[in-house]
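Chemist: Can you keep this structure in mind? I'll have questions shortly.
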Amino acid sequence: MPRLHSRTGHAIALAAPALALLHAIAPLPAGAQVTLHGQIDAFAGFSRPLGADKGTGVLTPGGMQTNFWALRGTEDLGSGLKAVFALEAFYRADSGAEGRFANDAFFARSAYVGLSSGWGTLQLGRNTTPYWLATIAFNPYAGSFSFSPAVLHSFGPNGTAAAPLRGDSGWSDSLLYTSPSWGGFTARLQYSFEPPAGTPASQRRDADKYGASLSYAGGAFAAALAYQSVAYPNAATTATATGFDRQSAWLLGGSYDLGMVKLFAQYQRLADTVAGADRRRNSGQFGLSIPAGPGAVLASYGHARTSGAEDARRNTWAVGYDYPLSKRTDIYLNSLHDRITGTGAGSGQTWGLGLRHYF
């Protein structure tokens, strides 16, 4: 997705509150609704990156969840049919910069339009992947890039045992179908037409991405099975894709709430097809959330093993406490330790005290 000019991006961000004000002054037609919401999160603490001899003090955005703001809307078209849309942007609370990182698409979280009915919802545009939703649903740190072992092992910087999963948490140029709930079961199907950078025109038809998931939620138990396949033709010239053909990824996750403790577990298997250097990766994550006072103690451990062309292991564990100040604001204290063997990456650690607010 092309990146919008920064001035255009800032103009849209400034216009978002104005849209809410205009809605109050000039109400939308009957059956139409637009909402503005999001969250802001930052923590102060210490970080020593993998392999570094020394660490440093940091103030980092998105300790528990990546910061974002979102405009979402629906319109009742009659006969049970609704039009839906979303424009959702990431930002960095420490600097006010747009995106999760430099050159990130402005509406990288979501940008879609679709139709919803009793038969389900079809969305066209940039959509969150079923695989990402399954990853964050079954670990106590959800979508935290700072403290979730499951997220770090799958969605961190690509190309090594440190983070093997190909593809982002959202896919551009995609179709996403979400079924209604049938007895607690929900299915999601996604297909993306977007080829990776450097794909020759002659190979665009083979440079696709597709994914699916089947999830269940009923009472104290929830589970999901997710799959995705991401193609990178060998002629693609990006640094992380040279010689890479396709990756298949499976994820099985579950949780059970016992009242005194909520248990989380995941198992993941990845298979890379690379010219002369195939790789297999197996990983697992176990976690728990224990109510303690008004808040909860969180703990998670993740292990990953890479075999084939690369032989490496990664062990990551995190522990912390999340304390709600209100229904919209919480403070947290977390610590994460990370170690990779077999690649020379070494070890690292992060800890921090943070504040998160929903709006």
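The values are calculated or read from the model by the stated rules, or taken from the named source; none is laboratory data. Not measured: the values here are computed from a predicted model. Methodologically, a virtual Cβ is constructed for each residue, glycine included, from the backbone with ideal geometry; neighbour enumeration extends over all protein chains shown. In case anyone asks, the SASA skips ligands and DNA or RNA and just uses the protein heavy atoms, side chains included. Shrake-Rupley method; radii C 1.70, N 1.55, O 1.52, S 1.80 Å.
Chemist: Can you tell me how much longer the chain between Asn103 and Asn315 gets when fully stretched, taken as 0.36 nm per residue apart minus their C-alpha distance, in nm with one decimal?
Modeler: Answer, rounded to one decimal: 73.3 nm.
Chemist: Which chymotrypsin sites (Phe, Trp or Tyr not before Pro) in segment 73-102 pass both tests, a DSSP loop state and at most 10 other beta-carbon atoms within 10 Å? Could you put the intermediate results ahead of the total?
Modeler: Values: sites: Phe85, Phe90, Tyr91, Phe101; in loops: Phe101.
Here the sparse-neighbourhood loop sites are Phe101.
Chemist: Same structure again: Could you rank the peptides 71-83, 248-260 by their average count of other C-beta atoms within 10 Å per residue, with the highest value first?
Modeler: 248-260, 71-83
Chemist: Hey, another quick one. Only Cα pairs under 8 Å and at least 6 apart count here; give the relative contact order of segment 266-331 as a rounded whole percent.
Modeler: Computed over segment 266-331, the figure is 25 percent.
Chemist: While we're looking at this one, here's another question. Would you check the accessible area of Ser110, probe 1.4 Å, heavy atoms only, in square angstrom rounded to 10?
Modeler: Accessible area, nearest 10 Å²: 10 Å².
Chemist: Determine how large the accessible area of Leu225 is when every protein chain is in place; take a 1.4 Å probe and give Å² rounded to the nearest 10.
Modeler: Surface open to solvent at Leu225 totals about 80 Å².
Chemist: Kindly report, to the nearest 10 Å², the accessible surface of Arg109 as traced by a 1.4 Å probe over protein heavy atoms only.
Modeler: We get 60 Å² for Arg109.
Chemist: Let me spell out the model: positive unit charges on the Cβ of Lys and Arg, negative unit charges on the Cβ of Asp and Glu, origin at the Cα centre of segment 245-359. What dipole size does that give, in debye rounded to 20?
Modeler: Here the size comes out at about 80 debye.
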